[in-house]
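Heads up, the thing below is written out as structure tokens.
The values are calculated or read from the model by the stated rules, or taken from the named source; none is laboratory data. Computed from a prediction, not measured in an experiment: that's the story for all the values here. Glycine also receives a Cβ, built like all others from the backbone with ideal geometry; neighbour counts cover every protein chain displayed.
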Amino acid sequence: MKNATNVATAGGRRGKRYAARLLFQFRVMVNGNPGVRRLCEDRIIVLRAVGARSALAKAQARGNAAEYQHPNADGTPVFFEFIGVTDLLELGVECDPDEVWYDIVQKVKPMERRRKLIPAPERLNAIASERSNKPLERPGMTRREQGSRQRAGRSAPSR
């Protein structure tokens, strides 16, 4: 059996294992204006709960607890705010103990297109970050947002 640990605890005192996808925003106030386009964080957490509603409540509590505010280097107020839970996934017997998320999607000829779909190792964020001491520009983010994404102690960007 793939994940005997999860089977033994699925209904037990530890509960089922869930992954929750949380959405946060950095709201930077410049002259009292937060702007329209905001840098966001998509965070996946793993938790245990007796059921999906309980897991949702725990994920929401974790999101709320992660909020903070501080002035940035320019003295401008920055608010890191929890927006909500965008997805909740039960990590059942089909998951290995170290799996934290999965999506099952259809793609056109993925094996034939693997050179396009799978980035070279040096393009992976963690490897690029180790090499250059800054995160790699990711699709869908501007270079400015990408530079702001580097979180030394979760410091927020300045606009």
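Scan ALA55, ALA59, ALA73 and give me the residue that is over 14 Å from the mean Cα position of the chain (by Cα), surrounded by 13 or more Cβ atoms within 10 Å (Cβ to Cβ) and in contact (Cβ under 8 Å) with a residue 24 or more places away in the chain.
Result: ALA55 is the single residue among ALA55, ALA59, ALA73 that is over 14 Å from the mean Cα position of the chain (by Cα), surrounded by 13 or more Cβ atoms within 10 Å (Cβ to Cβ) and in contact (Cβ under 8 Å) with a residue 24 or more places away in the chain.
Among the residues of the range 16-45, write down those that are over 26 Å from ASP74 (Cα atoms), hydrophobic (A, V, I, L, M, F, W, C) and either touching a Cys at 6+ places or on another chain (Cβ under 6 Å) or surrounded by 15 or more Cβ atoms within 10 Å (Cβ to Cβ) (or both).
If the condition is that a residue be over 26 Å from ASP74 (Cα atoms), hydrophobic (A, V, I, L, M, F, W, C) and either touching a Cys at 6+ places or on another chain (Cβ under 6 Å) or surrounded by 15 or more Cβ atoms within 10 Å (Cβ to Cβ) (or both), then ALA19, ALA20, LEU22, ILE45 are the ones that fit.
The rows are residues; the columns are (1) at pLDDT 90 or above; (2) under 30 Å from MET29 (Cβ atoms); (3) in the same structural domain as GLY35 (by TED's automatic domain parsing).
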{"site": "GLY75", "(1), (2), (3)": "yes, yes, yes"}
{"site": "GLU81", "(1), (2), (3)": "yes, yes, yes"}
{"site": "PRO110", "(1), (2), (3)": "yes, no, no"}
{"site": "LEU117", "(1), (2), (3)": "yes, no, no"}
{"site": "ARG144", "(1), (2), (3)": "no, yes, no"}
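Of everything in the range 102-124 that's touching a residue at least 12 places away in the same chain (Cβ under 8 Å) and part of a loop (DSSP other than H, G, I, E, B), which residue is farthest from ILE45 (Cα to Cα)?
LEU124
As an exercise: evaluate PRO135 against (1) within 26 Å of PRO34 (Cβ to Cβ); (2) in the same structural domain as ARG14 (by TED's automatic domain parsing); (3) modelled with pLDDT under 95 and give the number of the one condition it does not meet.
(2)
Quick one: in the range 77-100, which of the residues that are surrounded by 15 or more Cβ atoms within 10 Å (Cβ to Cβ) and more than 16 Å from the chain's Cα centre (by Cα) is farthest from GLY15 (Cα to Cα)?
PRO77
Please note which strands (runs of 3 or more DSSP E) are completely contained in the range 7-92 and include at least 3 residues that are of a type in the set (Val, Ile, Thr).
Per the criteria, 40-49, 77-90.
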